[in-house]
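Rule-based calculations on the coordinates, nothing more; no lab input. Every value quoted in this text rests on a predicted model; they were computed, and no experiment measured them. Note: ideal-geometry Cβ built from the backbone for every residue, glycine included; neighbour counts use all protein chains shown.
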Amino acid sequence: MDTQVLIVSKGHDYAHDSFRAMFAEMSGVTATLVEQPAAQVVLKPEHIGAYDCVLFYDMSGIPGIGLLHDGADDTGLPPDDYRASIEALVNSGKGLVLLNHATVSWPLWPLWREISGSSFMLQSGELNGEILPGSGYRGGQGPHPNPTVRLVPQCAHPVLVGLEDGFEITDEIYLKTAGFERRVTPLLRGEYDFVAENFTPPPLAPPQERADWNHPPGSDLMVWAHSVRASPVVASDLGDGPTAYANPGFRRLIENALKWVASEDACVWAAGAT
């Protein structure tokens, strides 16, 4: 039986046709894409049981940039109903996959920061009791082209089956601090020089912060697994555009991730990791 996947999108531009084609061509995966805010209805406990896992590809809850698709009313915090639905989701053990800009959604919502596991910061601020600089990015919609990075597996893991030799990808990448690695299982590191001069300053930082921006040498961890309450999670900085969607290694990674987070083995792993 196919793995039934709910994809949640909106809030960030992407190539819809090639993105959806990636899932249509996966063996044993049936994907249903629902945009915010309609996705908030489907994510309610009474409806989400139709899906084995959820892939988040939305960029929601960002104050001050006019994204009125998420019910946050520019507060950066989700509506009470949506907060309750996500709480129920992670308490139930539903598997989650987060791609690219979804890892920086809801920067003011502590639960979402816990779900993403990332230390990406849209501007300088506090995360887990530590003041961090705004993060850099390269590629995507920025002034510099997408870099080509070789991804190197860090362990034997179901998400990495068939990818034991790693693979190259051309896509947007992020400059993050390394502290988040203490809380996650490393899956893929990128062979690239993660230093500030190779990245664009955080786009949503105030002008003076952008002008003065500096960032210590960052983490090369680009794909990781962890657990949030009862839910297994796989998160990837990668997944911004068509060159990633069409990449056979990336497609295999995402197919593996979806099937793993939906599996009984992943739920057992998450229960033991919390």
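For residue 144, the amide hydrogen comes within under 5 Å of the amide hydrogens of 139, counting only partners 5 or more places away or on other chains and with H modelled in the peptide plane.
Near the amide H of residue 231, within less than 5 Å, lie the amide hydrogens of 93, all on another chain or at least 5 residues away, with H placed in the peptide plane. Remark on residue 241: its backbone amide H falls under 5 Å from those of 172, a criterion applied only to residues 5 or more positions apart or on other chains, H modelled at 1.01 Å from N.
Averaging the Cα positions of each part gives two centres, and for region 10-52 and region 210-274 these lie 17 Å apart. As a length-normalised measure over Cα pairs under 8 Å and 6 or more apart, the relative contact order of the chain settles at 21 percent. The calculated FRET efficiency for residue 13 paired with residue 193, based on their beta-carbon distance and R0 = 30 Å, is about 0.60.
Per residue, the chain reaches -7000 deg cm²/dmol at 222 nm when only DSSP H runs of four or more residues are counted, each adding -39500 (n - 2.57). For the peptides 195-202, 17-24, 114-121, residues were scored by their other Cβ atoms within 10 Å and the scores averaged per peptide; the highest-first order is 114-121, 195-202, 17-24. Full-extension gain between residue 141 and residue 4, please, as 0.36 nm times their residue separation minus the C-alpha to C-alpha distance. Here the segment from residue 141 to residue 4 would lengthen by 46.2 nm. Among 263, 86, 179, whose Cα sits farthest toward the positive end of the charge dipole of the chain (+1 at Cβ of Lys/Arg, -1 at Cβ of Asp/Glu, about the Cα centre)? Final value for the positive-end residue is 263.
Mind sorting 268, 149, 234 by how few other Cβ atoms lie within 10 Å of their own Cβ, fewest first?
268, 149, 234
Of the labelled figures (i) 21.8; (ii) 13.2; (iii) 16.0, only one reflects mean projected area of the Cα convex hull in nm² as derived from the coordinates, namely (ii). Taken along the Cα-to-beta-carbon direction at a fixed 7 Å, the label points for residue 42 and residue 130 span 3.6 nm. The residue 83 and residue 208 beta-carbon pair, evaluated with R₀ = 35 Å, returns a calculated FRET efficiency of approximately 0.60.
In order along region 186-196, the Karplus-derived 3J(HN,Hα) couplings, from 6.51 cos²θ - 1.76 cosθ + 1.60 at θ = phi - 60°, round to x, 10, 9, 9, x, 7, 7, 8, 7, 10, 4 Hz, and Gly and Pro are given as x. For region 3-273, give me the percentage of DSSP beta bridges that are antiparallel, rounded to the nearest 5 percent. Looking only at bridges with both residues in region 3-273, the antiparallel portion is about 55 percent.
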